[in-house]
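The values are calculated or read from the model by the stated rules, or taken from the named source; none is laboratory data. Just so we're clear, the structure is a prediction, and the values are computed from it rather than from any experiment. Here Cβ is always computed from backbone atoms with ideal geometry, including for glycine, and neighbour counts include all displayed protein chains.
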Amino acid sequence: MRRFVTTITLGVLACVLFGNKMFAQESHTEAGLSDFLGSPKFEAHQVFSDERFPNVVVTKKGTVLATWGSSRIRVRRSQDGGVTWGPEITIAEKGIHGGGTTVDEATGDILVFVESQHPPAALMIFRSRDDGMTWTPSEFVIHGDRKDRVPSMHMNEHGVTLSRGPHAGRLVRATRFYGEGNRPESLWPTHFTNAIYSDDGGKTWQASEPFPENGTGEATLAELADGTVYYNSRRHWAPQGKNPRRRWVATSGDAAESWGPASICEVLPDGPQNTNYGCMAGLVRVPIKGRDVLVYSNCDDPSSRKNGTVWVSFDGGKHWPLKRLVEQGAFAYSSLNAGRVGTVTNGWIYLHYEHAGSKVARFNLAWLLDGESTGDGDVPPWVSSGQAKEQRQTSGSRVE
């Protein structure tokens, strides 16, 4: 009997300690609304001059990392919040950036996925334990889904570490399965997106069940305030009667192991609107405590990859009431992330996008609030009142 009581006591103690640890983690990583408001601010800097395929993450120390490359994988670091950028650091001498760059919130390690060529192709995972300064190959195993389908990485938005629920600490990144082959286009109906997740820091990965619509391609995901995982996907093909030129969304209530029914977000474009061939998009949940502020990026043009734009949702992707132009010229693949409490990045949103090489823009939520209405709902009162209060209490000029 004493052994049983001791076991229960230790179990309860472990739950309390674990719960306190997670509460501390959420408190540390979640900001207040005011951190992202104040005077509207926006600026952009050229970061890479060649090649393709962006991701952007912010490390636990507050270093902004822009990962990049379509034949040689590199990273540039900014330790002052995105004002200046250090020299290029080579992650892999050969390969194609697979997207999904992930910060492990438990250890601070950063993972970068590199494929030998356009997938399906051999994969390597590189790990940095020193805030992105040096990188080494990391051993890993990826298990297929229930039909033993092992996905490819290319070319998805950054990964996340889940912070809520029984799978807190789980690493998750979007992936894709090429079905019967990448081309010809007649094979696209056999493609689908999904995710991989790891509960041991990226050593072992499990493929999720497929996204519930075929023909999907590069994807994004974010953890919402209640632990739901929101999934937003590009599409190359759609069956008759379904719009392939807008983004497809679904959610997961089981920590990215499976996905609920998919729906079309008619507000968000999937690349140029004269073709079914979409464009990789950026997505981030802005870390405001208790709120589900999402920012999405893509080109917003009827016929070409230009007019790079960001949209904002205040209800976890149900409505997208505002958008704002970032780059009037060429704009293709993009990636979004947000700053961290207690670091120089706090209050900033980062956008790494293809433009004659690539640029990284940084802006705050106040800048986005000056955007144009999409007609899809309204800015909620808690945002408007918060911004009005900030404008009364702060002063400063816009950074352009």
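For the structure I just gave you, tell me whether Arg127 is of a type in the set (Lys, Arg), closer than 25 Å to Ala338 by Cβ, in contact (Cβ under 8 Å) with a residue 24 or more places away in the chain and surrounded by fewer than 23 Cβ atoms within 10 Å (Cβ to Cβ).
Values: of a type in the set (Lys, Arg): yes; closer than 25 Å to Ala338 by Cβ: yes; in contact (Cβ under 8 Å) with a residue 24 or more places away in the chain: yes; surrounded by fewer than 23 Cβ atoms within 10 Å (Cβ to Cβ): yes.
Answer is yes for this residue.
Taken over segment 26-67, residues that are surrounded by fewer than 18 Cβ atoms within 10 Å (Cβ to Cβ) and either touching a helix residue (DSSP H, G or I) at 6+ places or on another chain (Cβ under 7 Å) or of a type in the set (Ser, Thr, Tyr) (or both) amount to 5.
Just wondering, is there one or more residues in segment 171-189 that are small (Gly, Ala, Ser), outside any strand (DSSP E or B) and either buried (at least 22 other Cβ atoms within 10 Å of the Cβ) or touching a helix residue (DSSP H, G or I) at 6+ places or on another chain (Cβ under 6 Å) (or both)? Write out each step before concluding.
The initial filter retains those residues of segment 171-189 that are small (Gly, Ala, Ser), namely 174, 179, 181, 186.
Among the residues that remain, those that are also outside any strand (DSSP E or B) are: 179, 181, 186.
With the extra rule that they be either buried (at least 22 other Cβ atoms within 10 Å of the Cβ) or touching a helix residue (DSSP H, G or I) at 6+ places or on another chain (Cβ under 6 Å) (or both), the set shrinks to 179, 181.
Within segment 171-189 (the criterion being small (Gly, Ala, Ser), outside any strand (DSSP E or B) and either buried (at least 22 other Cβ atoms within 10 Å of the Cβ) or touching a helix residue (DSSP H, G or I) at 6+ places or on another chain (Cβ under 6 Å) (or both)), the answer is yes, since at least one residue qualifies.
Checked against (1) at negative phi; (2) out of contact with any strand residue (DSSP E or B) (no Cβ under 7 Å at 6 or more places or on another chain); (3) in contact (Cβ under 8 Å) with a residue 60 or more places away in the chain, Ser303 meets all criteria but (3).
Scanning segment 289-342 for residues that are among the hydrophobic types (A, V, I, L, M, F, W, C), in a strand (DSSP E or B) and under 25 Å from Arg173 (Cβ atoms) returns Val293, Leu294, Val295, Cys299, Val310, Trp311, Val312, Val326, Leu336, Ala338. When segment 269-301 is filtered for residues that are over 15 Å from the mean Cα position of the chain (by Cα) and under 24 Å from Val360 (Cα atoms), the ones remaining, listed by number, are Pro269, Asp270, Gly271, Pro272, Gly278, Ile288, Cys299, Asp300, Asp301.
For (1) at pLDDT below 95; (2) under 26 Å from Ser263 (Cα atoms), each residue gets a yes or a no:
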| position | (1), (2) |
| --- | --- |
| Val286 | no, yes |
| Val326 | no, no |
| Lys359 | no, no |
| Ala366 | no, no |
| Ala388 | yes, no |
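Report the residue count in segment 233-245 for those that are among the basic types (Lys, Arg) and part of a loop (DSSP other than H, G, I, E, B).
Keep residues of segment 233-245 that are among the basic types (Lys, Arg), which gives 234-235, 242, 245.
Remaining after also requiring part of a loop (DSSP other than H, G, I, E, B): 242, 245.
Result for segment 233-245: 2.
Return yes or no: is Ser163 touching a helix residue (DSSP H, G or I) at 6+ places or on another chain (Cβ under 7 Å) and in contact (Cβ under 8 Å) with a residue 60 or more places away in the chain?
Values: touching a helix residue (DSSP H, G or I) at 6+ places or on another chain (Cβ under 7 Å): yes; in contact (Cβ under 8 Å) with a residue 60 or more places away in the chain: yes.
It is true that Ser163 is touching a helix residue (DSSP H, G or I) at 6+ places or on another chain (Cβ under 7 Å) and in contact (Cβ under 8 Å) with a residue 60 or more places away in the chain.
Restricting attention to segment 246-273, the residues that are of a type outside the set (Gly, Ala, Ser), in contact with a strand residue (DSSP E or B) (Cβ under 7 Å, 6 or more places away or on another chain), surrounded by fewer than 18 Cβ atoms within 10 Å (Cβ to Cβ) and not in a strand (DSSP E or B) total 1.
Just a yes or no: is a residue in segment 382-395 of a type outside the set (A, V, I, L, M), under 16 Å from Gly81 (Cβ atoms) and surrounded by fewer than 21 Cβ atoms within 10 Å (Cβ to Cβ)? Talk me through it step by step, then tell me what you get.
Keep residues of segment 382-395 that are of a type outside the set (A, V, I, L, M), which gives 382, 384-387, 389-395.
Okay, now just the ones that are also under 16 Å from Gly81 (Cβ atoms), so none.
No, segment 382-395 has no match at all.
Taking the numbered list (1) without any contact (Cβ under 8 Å) to a residue 40 or more places away in the chain; (2) surrounded by 19 or more Cβ atoms within 10 Å (Cβ to Cβ); (3) closer than 18 Å to Gly282 by Cβ in turn, Ser70 passes all entries but (2).
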